[in-house]
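Take a look at the structure set out below.
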Amino acid sequence: MAVALGVKKMTVHEFRNLEFAENDRHWYELLDGELVKKKAPTPAHQRVARKLTLALDAFISQNNLGELFFAPVDVFLDDTNSPQPDLVFVATANEAIVTDNGIEGVPQLVVEIISPTSVVRDRFTKKDLYERFGVKEYWIVDPSNQEIEIYTLNNERYELLSAASVLEGELKSAVPDDLVLDVKTLF
């Protein structure tokens, strides 16, 4: 007779009280109660993150739409989920979710920049997580293929809104509204 063993899920409270060695160069996030260890971003990852941050922040600031945050920043979705997206946009109307602890609630936009070790996590696990919690828009940035996909929430499911590579040109976003980016300038 087989006995099913339950795996104890970690809570956000337990996660926040963990102590890591000072020389630990990894980042950690909590996904559905499981501790996930991430390597520090590569230079290619950092380049696209910087360019995307500058472009998004300029648009958001010029239009007084809210605030953009970049990793590492904790996003507390519930008691067992605290991902650390690469970029997070919180609209002015939702600014109360930004606290001294991190972002405590659901942001309007989350951007993940995938790496060879995070493809499955970013394309499936996190996409499902953000969809489940109602993040209005989710971007997947792929530095290796120099492309970006934008998914928007429609009837509680993500649909591909826009996708482009350096060969195809422009991306259009609904969050922030009316944002158009030239993909060639990001890679």
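Observations
- Subset of the stretch 6-21 [modelled with pLDDT under 90 and within 24 Å of the chain's Cα centre (by Cα)]: Phe20
- Test for Leu109: is it within 28 Å of Asp24 (Cβ to Cβ), touching a strand residue (DSSP E or B) at 6+ places or on another chain (Cβ under 7 Å) and touching a residue at least 60 places away in the same chain (Cβ under 8 Å): no
- Every pair of residues 6+ apart whose Cβ atoms lie under 9 Å, when the first sits in the stretch 47-62 and is closer than 13 Å to Phe89 by Cβ while the second is open to solvent by less than 70 Å² (accessible area, probe 1.4 Å) and of a type in the set (D, E, K, R): Leu52/Asp86; Thr53/Asp86; Ala55/Asp182
- For the stretch 30-41, taking the residues that are open to solvent by less than 70 Å² (accessible area, probe 1.4 Å) and modelled with pLDDT under 95, the one that is farthest from Ile148 (Cα to Cα) is identified as Val36.
- Hits in the stretch 76-91 - residues which are open to solvent by 10 Å² or more (accessible area, probe 1.4 Å) and either at pLDDT below 95 or outside any strand (DSSP E or B) (or both): Leu77, Asp79, Thr80, Gln84, Asp86
- Here the stretch 63-73 is the region considered, the condition is being in contact with a helix residue (DSSP H, G or I) (Cβ under 8 Å, 6 or more places away or on another chain) and of a type outside the set (A, V, I, L, M, F, W, C), and the residue that is farthest from Lys126 (Cα to Cα) is Asn64.
- Within the stretch 92-187, strands (runs of 3 or more DSSP E) holding 2 or more residues that are open to solvent by less than 10 Å² (accessible area, probe 1.4 Å), among the aliphatic types (A, V, I, L, M) and within 24 Å of Asp32 (Cβ to Cβ): 109-113, 137-142
So that you can scan it fast, the table gives a plain yes or no per residue for (1) charged (D, E, K, R); (2) in contact (Cβ under 8 Å) with a residue 40 or more places away in the chain:
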site	(1), (2)
Phe133	no, yes
Tyr138	no, no
Ile148	no, no
Leu161	no, no
Ala164	no, no
Glu170	yes, no
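The values are calculated or read from the model by the stated rules, or taken from the named source; none is laboratory data. Since this is a predicted model, take the numbers as computed values, not measurements. Counting neighbours? That spans all protein chains shown, and the Cβs are built from the backbone with ideal geometry, glycine included. Calculation scope for accessible area: heavy atoms of the full protein, side chains included, ligands and nucleic acids excluded. Shrake-Rupley method; radii C 1.70, N 1.55, O 1.52, S 1.80 Å.
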